[in-house]
Amino acid sequence: MAKDEGQQVISTNRKALFHYEVLERAEAGISLVGSEVKSIREAGLNFRDSFVEFRRGELWLVGCHIGPYSHGNIQNHSEGRDRKLLLHKREILKLGGKAAERGLTLVPLRAYFKDGRVKVEIGLARGKQAHDKRESIKRKDIERETRQAVRARRDS
C-alpha cells in the first residue's frame, strides 16, 4: 500500500502478517482520550498480542498498549484499556458477521495519522498453518539473498 499524502505511519503489526493470511482490509477510526493521542505522537503505541473483538454490534481493540504520556498527571489514561473502533454500522456488521460465522479473526495491521486523526487498519484474517509460515520464511530468505547479490554485483 503506497504512503498517501497526509499519512504518517505510527506502528505496524508485522507479527500479524506472519501468523495470518489477510483476506480483507478496512480503515477504522479509534476512540481515544487526549493523553492517549499525545502519547501516540511520542511513538507510545504497541500492537503486541492485540486483536479486534465484536461485542454487541461494536468493534473493540483489545490488548493494544498505549504507554503513559510523559508530561501527564494523575488523570493519565489507563494503558491497557479496550478502545472502541469507529466504522459505519454496515461495515461493522459485515466484518463481525464474517469473523463469527467462518472462524476468521479480526487483527489490527497498522496505525497511522491521516489528516491529524489516528486511524487503525484492521484485517479480516485466517490463521496460517505451519507449512505456510515455513514458505513465508523461505520466500523472505530468497528475496533477501537476491537483494544482497544484486547489491554486491552493482558495487563490484
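Within region 66-75, identify whether any single residue is of a type in the set (Val, Ile, Thr), assigned to a strand (DSSP E or B) and within 24 Å of Lys15 (Cβ to Cβ), and answer yes or no. Yes: one or more hits. Checking each residue in region 64-91 for being modelled with pLDDT of 85 or more and either surrounded by 18 or more Cβ atoms within 10 Å (Cβ to Cβ) or farther than 12 Å from Leu32 by Cα (or both) picks out Arg83, Leu85, Leu87, His88, Lys89, Arg90, Glu91.
Within region 102-148, the residues that satisfy the criterion of being of a type in the set (A, V, I, L, M, F, W, C), assigned to a strand (DSSP E or B) and out of contact with any Pro (no Cβ under 6 Å at 6 or more places or on another chain) are Leu106, Val107, Leu109, Ala111, Phe113, Val118, Leu124, Ala125. Counting only residues that are touching a Leu at 6+ places or on another chain (Cβ under 6 Å) and at pLDDT 85 or above, region 119-141 holds 4 of them.
Regarding Leu61, is this residue modelled with pLDDT of 80 or more and in contact with a Lys or Arg (Cβ under 6 Å, 6 or more places away or on another chain)? It is true that Leu61 is modelled with pLDDT of 80 or more and in contact with a Lys or Arg (Cβ under 6 Å, 6 or more places away or on another chain).
Criterion applied to Arg117, Arg147 was being of a type in the set (D, E, K, R) and farther than 28 Å from His65 by Cα, and the one residue passing it is Arg147. Once region 16-26 is narrowed to residues that are surrounded by 13 or more Cβ atoms within 10 Å (Cβ to Cβ) and over 16 Å from Arg134 (Cβ atoms), the residue that is farthest from the chain's Cα centre (by Cα) is Glu24.
The values are calculated or read from the model by the stated rules, or taken from the named source; none is laboratory data. Quantities reported herein were computed from a predicted structural model and do not represent experimental measurements. Note that each Cβ is placed from the backbone with ideal geometry, even for glycine, and that neighbours are counted across all protein chains shown.
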